[in-house]
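Only one structure is covered here, and it is reproduced in the block below.
The values are calculated or read from the model by the stated rules, or taken from the named source; none is laboratory data. If you're wondering where the values come from, they're calculated on a predicted model, not measured in any experiment. Cβ placement follows ideal geometry from the backbone for every residue including glycine, while neighbour counts extend to all protein chains displayed.
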Amino acid sequence: MSSPQNDETRIAAAEPALRAIMRRLRQIMAEPGDGQDRLNKIVRQVAGLMVAEVCSIYVKRQDGSLELFATEGLNPDAIHTTRMKRGEGLVGRCAEIGVPVNVPKAQSHPAFSYRPETGEEAYHSLLAVPILRGGALLGVLVVQNQTPREYTDEDVESLQTTAMLVAEHIVSGDVAGALQDPSSSLNTTTRIVGEPMSEGIALGHIVLHQPRVTVTELLAVDPEAELERLGRSVIALRNAIDSMLKTESLAKAGAHRDVLEAYAMFANDRGWLRRMQEAVREGLTAEAAVERVQNTTRTRLLRQNDPFWRERLRDLDDLSDRLLRILVGRGGTAFSELELPDDTILVARNMGPAELLDYDRSKLRAVVVEEASAQSHVAIVAKALDLPAIGNVPRLIERLNSGDPAIVDGAAGDIHLRPSADIEASYVDKVRFLARRQKQFRSLRNKAAITQDGVHVELQLNAGLSIDMPHLEASGASGIGLFRTELQFMIASTFPRVTKQTATYREILAAAGDKPVTFRALDIGGDKVLPYMRQPKEDNPALGWRAVRLALDRPGLFRMQVRALLRASVGRDLRLMIPMITDISEFRRARALIDRERAVAVKRGQPVPERVLVGAMIEVPAILYSLDALLHEVDFVSVGSNDLLQYLFAADRTNPLVATRYDPLHVASLRVLKHIAETCVAKNVPVTLCGEMGGNTIEAMALLGVGFRTISMAPASVGPVKSMCLSVDVSRVRDEIDRALLSNETGSLRDRLRRFAETDSVEI
Ligand code: PEP
Ligand code: MG
C-alpha cells in the first residue's frame, strides 16, 4: 500500500470538495421529489462542485446495457434514449472492469464510442466510476470536461464516494424499476464458462463465500459515535485474528498460519484505519467508510501488476468484509457460522487457500472462484482436496442467487445455473458413470501393478502440500515420487525459516510412514513466483534464472532447505533431487553443498539421516549428451517430462497457443525417453518419470514400452494407470513402438498406439 503520509496528504487536500458534495447530497436526499428529480439534482450539484461541464448517471438495465438516466451538460433529450451496449465505449468499459476509467483525451481513446444525440464531441476529458452496491454493479457515474484534464486521485475518490450514495438512491429511490424485471436472467437457466482448475462433476446448491454486507446507511448522524464504533470493531477484528492464530490446529498448519499472519499484518496497518477514520470525519457511517476505503484501495492495487499486490488485494477484500460483518453484528468469521447444505457449491469473488481449508470438506461439492486461475493457490488446494473447481469467471456472482441449484463440470469449466431437467438428467448419468469407474479403481488399491507378462510397475504420487498426503494411502501408490517443495513456499507470505521448513518436512514424512518420499529441491523461477522474493523481470523466464541456477547463485536459500530436510529425515533415508540440471558441474556443486551441510551437522554432534540419496532431474536436453557421466555420480534420476518436452519442442508449457502443439507421443519424445530409460537400466541407476504425461493411460503405456518401470503421477491417475498396467503385455507394446521407430515413422504415434490398445484389449 502507499505510505500513510502520502495518503494523509491526499485526503486533506480532498476534504473541501468531498465535504461539500456530501453535505449537498445529504440535503438532496432529505428534500421532497421523485427519484428522477433527485438524480437530476445530484448531477447538477456534482458537476458544479467538481468543476466539470458534464455529470451523467448511467443505470444498468436487465440486458446489461447502460441507459443514460440523468445528465447535466449533455443534451437532455438523450436521457432514457442513449443506451450503451455491454462493454461499449468508455462508460461500458468502466462497467466491464468495475474500476474507475480516467482519460484526459477521451475521443482519441480506442474504446471511445461517439453518440451524436448526446452532443458530447465538445468534451475531451472523462472520468467514469462504477456505481456499486454490495459488490454488484448498478451503473456508472461520469464527469467530463472540455479541456484535456487528468483527474486527480482526489477527484476519483470524491466521485467514488458520490457513486456510493447514488447506488443507495437507485435502489431505495424507485429509480430503476427495470431492475426488478420479473423476466430477469436471474431466474433462467444459464451456462457460464470459466477456466478448469480441478476436474470432477458436482450437482448442488450455491452458497456464497462470505456474502457481502450491503451497506444501506451511508451518512452519519453522529460522526463521533461512528468513530468510536469503527475503533471498537477494528479492535474486535484484530482480536479475532489473533485468537485464530493462537488456536492449536492453526498453530501447526503452515498454509493456514501464513495466510492469517498476512491478514494480521494488514489488520494492524495504521494507514488503513486512518483512512477509514478520515472517511467517517467527512460524514460517512463506519460501514460506508470501510466500503469507500476498500473501493479506493482496490483501485490503486489493481493498477499493480506485481502478484504480491494482487494477493494483498485479496487480504484487503477479506478483511473489509469481515470488518463489515462485525460492524453489523454478524461476527468476524462468517464461514464458521454458516449452516452449509450437504451439497454446497461454494462461489467466491476471490478466495485464499486457507479460507477454502476452513470449510467442512464433507459438505462441499465444488468451488467456483471469480478471480482465480488454474495456477492460483486456491486451485492447488482444490485439487489436493479432490474438489471440482473452476476459476476466471468474471461477473458470475451478479448472475446468481444464493441457494440456486447448479452443476459444475470441472474438466470442461462449465457452470450450469438453475439447470433444466434434461441437463440435470444428463449430468446425473455422467456422475453415475464416473462413480462406477472410481469404485472399480478403488478395488485395485491393494493390488500390485503387474502386467500381463509379469512386469512389476511402481506407481508413485506427485504431491506438494501436506493435504496431499492422505492420497498416498487412499490411492495405494507406493511412495511420493515427486514432492514439489516450492508449493509450501508459494502459499507462504514470507520466506519460511529453517525450523518451520523442518516441521513441514517432518509432517510429510510422518504421514508417508514407511513409504519413500522423494523431495525436489526448491524449483522457483519461470512460472513459479514467490510473492515475497524479488526476481528480475526476464523476457524468457522458462529459459531463465530458475531451479538449480537460482539455488547455486543463492546458496543460502538452498542450504537452509537442505538443513531442514536433513533434520526432518533423521532415522530414515533422505531422497533429494535437483531440478533442471543442464551441466554436470551444477549437480556436483549442489551435491557439494549438501555434503557440507551434512558434515556440519555431524561435526556439531547432530543426528543425520541414515543415507542421503541425491538425484538429478532430467529436464534439459543438453544433459542427455553427458548422460553416461552423470549416471556415474547420481543415486537416481527422475525425468521431468513437462520441462524436457517444452525444451525439446521449443514450446512454452504455459502458453496455450503452443503448449499442446507437440504430442508427448511424437517419435522425437519417444526416442529421447527410450534412450534415457535404456541407459539408466544399462548403468543400473534407478529412473522414474514424474511429468504430467505419466498420468495419462496411453502415455503411461508407451512409457512402459520404452523401458520405464516407475512412474509418478497425480493421485486421480493412479487407478486408471494401474488398470492399464494390469491389462497390458509390455513386450508387445515395446515391439509395436520399436517397429514404428525402426521403420522411421514420423510424427505422433498416438493413433497407432490407440489402435494397438484396442486390438490388444489394453484399458486406456
Ligand atoms: C516436470 O518438469 O516434468 C516436473 C515434474 O516438474 P514441474 O512440472 O514442477 O516443473
Ligand atoms: Mg520441471
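Before moving on, here are some points about what is shown:
- Once region 476-514 is narrowed to residues that are within 16 Å of ligand 1 (Cβ to nearest atom) and either polar (S, T, N, Q) or part of a loop (DSSP other than H, G, I, E, B) (or both), the residue that is nearest to residue 568 (Cα to Cα) is 485.
- Number of residues in region 415-444 that are assigned to a helix (DSSP H, G or I) and of a type in the set (Gly, Ala, Ser): the value is 4.
Residue-wise test of (1) closer than 30 Å to residue 283 by Cβ; (2) among the aliphatic types (A, V, I, L, M); (3) exposed (fewer than 15 other Cβ atoms within 10 Å of the Cβ).
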site: 37; (1), (2), (3): yes, no, yes
site: 49; (1), (2), (3): yes, yes, no
site: 53; (1), (2), (3): yes, no, no
site: 59; (1), (2), (3): yes, yes, no
site: 68; (1), (2), (3): yes, yes, no
site: 84; (1), (2), (3): no, yes, no
site: 95; (1), (2), (3): yes, yes, no
site: 114; (1), (2), (3): no, no, yes
site: 131; (1), (2), (3): yes, yes, no
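- Looking only at region 604-639, and only at residues there that are within 13 Å of ligand 2 (Cβ to nearest atom) and assigned to a loop (DSSP other than H, G, I, E, B), the one that is surrounded by the most Cβ atoms within 10 Å (Cβ to Cβ): 619
- Residues that are within 10 Å of ligand 1 (Cβ to nearest atom) and of a type in the set (Val, Ile, Thr), drawn from region 621-654: 639
- Test for residue 534: is it of a type in the set (D, E, K, R) and at pLDDT below 95: yes
- Identity of the residue in region 662-671, buried (at least 20 other Cβ atoms within 10 Å of the Cβ) and of a type in the set (A, V, I, L, M, F, W, C), that ends up nearest to residue 724 (Cα to Cα): 665
- Residue 657 vs. criteria part of a loop (DSSP other than H, G, I, E, B), away from ligand 1 (no atom under 13 Å from the Cβ), aliphatic (A, V, I, L, M) and surrounded by fewer than 20 Cβ atoms within 10 Å (Cβ to Cβ): yes
Conditions (1) over 21 Å from residue 165 (Cβ atoms); (2) among the small types (Gly, Ala, Ser); (3) modelled with pLDDT under 85, marked per residue:
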| position | (1), (2), (3) |
| --- | --- |
| 245 | yes, no, yes |
| 254 | yes, yes, yes |
| 267 | yes, yes, yes |
| 309 | yes, no, yes |
| 313 | yes, no, yes |
| 323 | no, no, no |
| 329 | yes, yes, yes |
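- Test for residue 518: is it away from ligand 1 (no atom under 14 Å from the Cβ) and either on the phi < 0 side of the Ramachandran plot or over 24 Å from the mean Cα position of the chain (by Cα) (or both): no
- Residue 446 vs. criteria within 16 Å of ligand 1 (Cβ to nearest atom) and polar (S, T, N, Q): no
- Scoring residue 137 on the criteria (1) in a strand (DSSP E or B); (2) crowded, with 20+ Cβ neighbours inside 10 Å leaves a single failure, condition (2).
- Candidates 454, 464, filtered to the one that is more than 19 Å from residue 726 (Cβ to Cβ), surrounded by fewer than 23 Cβ atoms within 10 Å (Cβ to Cβ) and of a type outside the set (Asp, Glu): 464
- Verdict on residue 126 being in contact with a helix residue (DSSP H, G or I) (Cβ under 9 Å, 6 or more places away or on another chain), without any contact (Cβ under 8 Å) to a residue 40 or more places away in the chain and not in a loop (DSSP other than H, G, I, E, B): yes
- Against the criterion of being buried (at least 19 other Cβ atoms within 10 Å of the Cβ), under 30 Å from residue 763 (Cβ atoms), touching a helix residue (DSSP H, G or I) at 6+ places or on another chain (Cβ under 6 Å) and among the hydrophobic types (A, V, I, L, M, F, W, C), residue 449 qualifies.
- Counting only residues that are more than 16 Å from ligand 2 (Cβ to nearest atom), of a type in the set (D, E, K, R), modelled with pLDDT of 95 or more and part of a helix (DSSP H, G or I), region 538-591 holds 6 of them.
- Looking at 612, 681, just one residue is away from ligand 1 (no atom under 16 Å from the Cβ) and within 19 Å of residue 519 (Cβ to Cβ), and that residue is 612.
- Residues in region 504-530 that are surrounded by 17 or more Cβ atoms within 10 Å (Cβ to Cβ), more than 16 Å from ligand 2 (Cβ to nearest atom) and over 17 Å from residue 542 (Cα atoms): 504, 505, 508, 509, 511, 512, 517.
- Number of positions in region 204-236 that are under 30 Å from residue 414 (Cβ atoms) and either buried (at least 19 other Cβ atoms within 10 Å of the Cβ) or modelled with pLDDT under 90 (or both): 9
- Residue match in region 640-653 (condition: within 16 Å of ligand 2 (Cβ to nearest atom), hydrophobic (A, V, I, L, M, F, W, C) and under 22 Å from residue 590 (Cβ atoms)): yes
- Subset of region 373-394 [more than 22 Å from residue 466 (Cβ to Cβ) and of a type outside the set (A, V, I, L, M, F, W, C)]: 373, 391, 392, 394
- Scope region 141-152; condition surrounded by 17 or more Cβ atoms within 10 Å (Cβ to Cβ) and at pLDDT below 85; matching residues: 149
- Residues in region 47-70 that are more than 38 Å from the chain's Cα centre (by Cα), at pLDDT 90 or above and farther than 17 Å from residue 124 by Cβ: 1 in all.
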